[in-house]
Structures are given as C-alpha cells and as structure tokens.
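The values are calculated or read from the model by the stated rules, or taken from the named source; none is laboratory data. Keep in mind it's a predicted model, so treat the numbers as computed, not measured. Cβ placement follows ideal geometry from the backbone for every residue including glycine, while neighbour counts extend to all protein chains displayed.
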Amino acid sequence: MANLSNVPRRVIMRIELFPQAKDHLTELCSRLGMTQVAATSRLVEWFCEQPDVVQAAVLGLYPEDIRAEVATMILKRMAADKKK
C-alpha cells in the first residue's frame, strides 16, 4: 500500500462564472490541452503569490482615473523592491 502521508492534500472548491468567462476558460483549456481544474488551480496559485499591488490591479480595485498608469507604477515598485 502506498504511503499517502507524503501526498499533498487538495481542497475541492466550486466557483461561479458568467457564461462568457466559462466559454473563454473552456476554449483556453482546449487550446492548451489542460483540464479546467488544472488551469484554474494554477491561476489561483499564481494570483496568491503576487504582490498586493498586482492583486489589486487584477481585481480592478484601483480608481478608473489612474488605471492607465497602474502597470507602470507596479513595475517601478517591483524594481525598487528588487534593489533592496
């Protein structure tokens, strides 16, 4: 019998998507040859590893009037953090 204590645990979650987002996810996974579970799992893992400023930008939390400059601001901040 295999030793399952070394196998990472997984958690199953349900998500709710608008039909258009579901269609895009289906097309993406088909194009990449991935399951929807694998793709969404990787996306969530990537997102959670991002700095808070990147997460806020992805979630659209910045005011509309500065959104055009957000990418430049984030890159400058990331570069400054890397120099530290």
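Observations on the model:
- Residue in the range 37-58 that is more than 26 Å from Ala71 (Cα to Cα) and more than 14 Å from the chain's Cα centre (by Cα) present: no
- Residues of the range 1-55 classified as part of a helix (DSSP H, G or I) and β-branched (Val, Ile, Thr), total: 6
- Residue pairs meeting the criteria (Cβ under 6 Å; at least 6 apart or on separate chains; first closer than 16 Å to His24 by Cβ, in the range 34-49; second modelled with pLDDT of 95 or more and outside any helix (DSSP H, G or I)): none
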